[in-house]
Every structure is written in C-alpha cells, then in structure tokens.
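Notes to accompany the following structure.
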Amino acid sequence: MSEVKVDTISERTAANGVAVDGVTIKDSGLTIPSGGTLTVASGATIDASAGTATGFGGDNTPAWQVYLSSSQDPADDTFVKLTCDSSVYDTDSGYDGTTNYRYTIPTGEGGKYFIYAQIAMHSTSGTGNVMVQGYLQIRKNGTTVLEHQFYPNNYGKTYAPNLSGALDLSAGDYLECWGLQNTNDSSEVWADGLTPIQSGWGGFKMIGV
C-alpha cells in the first residue's frame, strides 16, 4: 500500500474542486456523489453546535392552525362547518379560508398527522339550562374520522368541546371541522374569543412514526 503525505492539495482549475475517488472537495465543502453514502464510524460524533445542521430528521411540517375571527351563527341541531377565516400559521399554504374552509394535504406530504380542534359553543338566550347536546367532528374527504359527542352535565349556556387524534393522510386528502349544537331555545353562536384556538383547529405532520 502506498502513502502520500502532503501539507496542501489545491484545485488545478478554479471552482472545479478536487476529486478523490468520486468525492469532491470544493470551496470548503464536501460533496458525496448521487447514490453514495457518508458513513460515520461507530463511536464517532457529528457536532453541529458551532454551525448549522440542515436536512437531518425532517420537521413537523406541514402545520397549520386556523380560527374564527368573528362569531359564527349556526342553525340549531344541524351539522355546520366551522368557517375559520384566519390563521396563526399555515406553513405550506394548504388551508382554504375563503371558500371551502378546509385543509388539503400538499403534494408529496402524505403521512401521519396529529389533528386537534375546539369550538366555543354558547347560547345567547338570557335563560339558563339551555345546552342539550353537541358534536365536534373532523371529516376527511367528507367522512367523519374524529368525533366528540357530549351531553353537558346539568345543561348550561356555554360548552367548549375539543378533540384530538392521529390520522393517516395522503396527498390530496382534505380535512374539515364540523359541529352541531342543540339548545332548547335555538339561539346558539360559535364564538371567537381571547385566544385564537377558542374556536378553531389545526394539525401537523408527525415524524419518526
């Protein structure tokens, strides 16, 4: 086996770099050719504390969180879609907050997603004991896949049901948030509130599962 010992190896042609068995060292960077593998030996450590590490492990996007900017007045005892028109964030622009009020999984982003939702249901009647029954749903392509059904103890004027769960979703699948509020005086409202998620929903792609 031959051994070459030098202090410096420089490129002969500017900007071409130096190739060593298909691996290119160029402009203080190391490029592994397509199909190649950078192997880190057992016991070795990749330390990015003094720099920036990109492309390792992915992140929890796409992610979105949307909410009502003003109160919504649904029909009594009828399933109605939550018309969230504002967003806290929508990393991949998948939410339609003007027409269909739905989130569509972007191209190439299928996988497992964690979904959550809450609606602040309230009766505007001056009398008490009016909340009878309610539902909160997440629908996938028009079919209910997550649901919370409730019957408030001792009734009451206000209830804020919430739900959460994990879903397997494919690119092009769309999600919508639906609710039903049944009161004995037909004077209900889904309220905006002091926090964006008082009446709203969202989700994010999970990694590592």
Of the residues in the stretch 110-143, those that are part of a loop (DSSP other than H, G, I, E, B) and either crowded, with 16+ Cβ neighbours inside 10 Å or modelled with pLDDT under 95 (or both) come to ILE119, ALA120, THR124, SER125, GLY126, THR127, GLY128, ASN129, VAL130
Does the stretch 77-84 contain at least one residue that is at positive phi, in contact with a strand residue (DSSP E or B) (Cβ under 6 Å, 6 or more places away or on another chain) and not in a strand (DSSP E or B)? yes
What are the pairs, 6+ residues apart or on separate chains, where a residue within the stretch 40-52 that is within 16 Å of GLY29 (Cα to Cα) has its Cβ under 9 Å from a residue that is among the small types (Gly, Ala, Ser) and surrounded by 10 or more Cβ atoms within 10 Å (Cβ to Cβ)? ILE46/ALA53
Quick one: THR54 ticks every box in (1) of a type outside the set (Phe, Trp, Tyr); (2) under 24 Å from LYS205 (Cβ atoms); (3) surrounded by 10 or more Cβ atoms within 10 Å (Cβ to Cβ) except a single one, so which number is it? (3)
Of the residues in the stretch 151-192, those that are crowded, with 16+ Cβ neighbours inside 10 Å, within 22 Å of TYR89 (Cα to Cα) and modelled with pLDDT under 95 come to TRP190, ALA191, ASP192
So which residues in the stretch 85-96 are under 15 Å from the mean Cα position of the chain (by Cα), part of a loop (DSSP other than H, G, I, E, B) and of a type outside the set (S, T, N, Q), if there are any at all? ASP92, GLY94
Just give me the residues in the stretch 21-47 being surrounded by 10 or more Cβ atoms within 10 Å (Cβ to Cβ) and either assigned to a loop (DSSP other than H, G, I, E, B) or out of contact with any Gly (no Cβ under 7 Å at 6 or more places or on another chain) (or both), in sequence order. GLY22, VAL23, LEU30, THR31, ILE32, PRO33, GLY36
From ASP77, ASP92, ASP59, grab the single residue that is surrounded by 13 or more Cβ atoms within 10 Å (Cβ to Cβ) and within 22 Å of ALA166 (Cα to Cα). ASP92
Among the residues of the stretch 98-109, count how many are loosely packed, with under 15 Cβ neighbours inside 10 Å, within 18 Å of ASP173 (Cα to Cα) and out of contact with any strand residue (DSSP E or B) (no Cβ under 9 Å at 6 or more places or on another chain). 3
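The values are calculated or read from the model by the stated rules, or taken from the named source; none is laboratory data. Everything numeric here is computed off the predicted structure, so don't read it as measured data. Positions of Cβ are generated from backbone atoms using ideal geometry, with glycine treated the same way; all protein chains shown enter the neighbour counts.
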